[in-house]
Amino acid sequence: MRRPVTAWLSWRYLRSQRRNQFASLVALASVLGVAVGVAALIVVLAVMNGFEGELRSRLTSLTGHATVFAGTPDDRWTGVLGRLRAWPGVAAVEPYVEVQAMVGTGSELAGAIIEGIDPGGDALPALLPAMLAGSPADLAPGSYRALVGRALALRLGIGVGDDLRVLVPLRDERGRVTSRLREFTVAGLFEVGVKDHDSVRVLVHLEDAAALAGIGPGVTGLRLRTTDLFAAPAIVAAFAAAEARTAGAAPRTTDWTLENATYFRAVRIEKVMMTLLLALIVAVAAFNIVATLVMVVTDKRAGIAILRTLGYPRGTIVAVFVLQGLVVGWAGVLAGAVGGALLATNIGTVAPALERLFGFEFMPADVYYVTALPVDLRFSDVAWISLLALGLTAAATVYPALRAAAVAPAEVLRYE
């Protein structure tokens, strides 16, 4: 059976490297370098995707996926509430009141956001997992009880059962700035795992917050949760457009991508920088492929010259060495992709084993909110990392292959 000459020669030259131990070692280093680079990229991006998802979940746990601002201090928002709950893609809607205030106890004073919620409404499922002490059910209208973020409670030195003074600045009909002072009882503590929530937010009953802000039956806005988090911007924009057509004015809206843009921009920058840094490992391995093929070309100059005298064109010589380099590079890519995917999916087992082996913690509980490495392995990441590595290894074969094709048969065979 006839075999393709290009593939047969590439395989012969690749096997002949066993006699040249240095060239064989460099080829092995190339495969391992590509594999380690690809695996590291896959694992790091999977962990960063996990952190991004964890951050997204924590940031939206209290503030929802999008917000429709009420815009009126009366009870006309109830009609918007009903229409929003019936809107396609909306899973839950929760009215809220938000008030900027100063809170303190004893000699300690801090800025805070007093947030009024309905304990029996749609916010309850998202709040329950964050409770450290007490319960949202303790927030009854007129009771003036409060749930305080753990970081804020530590700063003020308060706990469950302590009194918390709340000072709210107000503006009267004449434009003069006044204030309203109210004392709340700490009924519980919560920890979402985001500093913006845990260090500034105080949750009270919706009616208590409205009375504190002096807006009567009004609310600040309506927070909604959608069936698809990533569809929230489109859903709230479509609702605002529909309201503009029917009511003549579109309500002001926002969504999680706008409110937390700084966080996710920072995560994207970190992912790009980590990708560039780890891609250098693959680039170094690609240089090893160049060195391997250059040594093979130097060692096989006589054989290349004989092939040229037998009539093989330059394109065949180029293809022989390109294919040889691709075998080395693609073996590394395949090993790295499989190894990286396996390591990422089993990071929950590997990380604790490494912690026990070396006696340290990746994510100490006294420093980080997240104590385990979250992982979100995406096929798209594995695919483009593999394609990037394949492209780098393919580019590494160009120079040695062209050098092989440039061998002059007459000069090489003159003294043979």
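Quick note: the coordinates plus some simple rules give every number you see, no bench work behind them. Worth saying up front: this structure is predicted, and the values here are computed from it rather than measured. Virtual Cβ from ideal backbone geometry, glycine too; neighbours counted across all protein chains shown.
Structure notes:
- Listed peptides 104-111, 157-164 by packing density, highest first (mean Cβ within 10 Å): 157-164, 104-111
- Three-way shape call for segment 72-251 based on the alpha-carbon gyration tensor, with the a/c threshold at 1.5: oblate
- Each of Tyr399, Tyr144, Tyr96 was scored by other Cβ atoms within 10 Å of its Cβ. Listed from fewest to most, they are Tyr399, Tyr144, Tyr96.
- A straight chain from Asp138 to Leu357 at 0.36 nm per residue would run longer than the Cα-Cα distance by 74.3 nm.
- A straight line joining the Cα centroids of segment 118-157 and segment 81-102 runs 18 Å.
- Beta bridges per DSSP, both residues in segment 72-251: antiparallel share near 75 percent.
- Ranked by how many other beta carbons lie within 10 Å on average, peptides 83-93, 280-290, 322-332 from highest: 322-332, 280-290, 83-93
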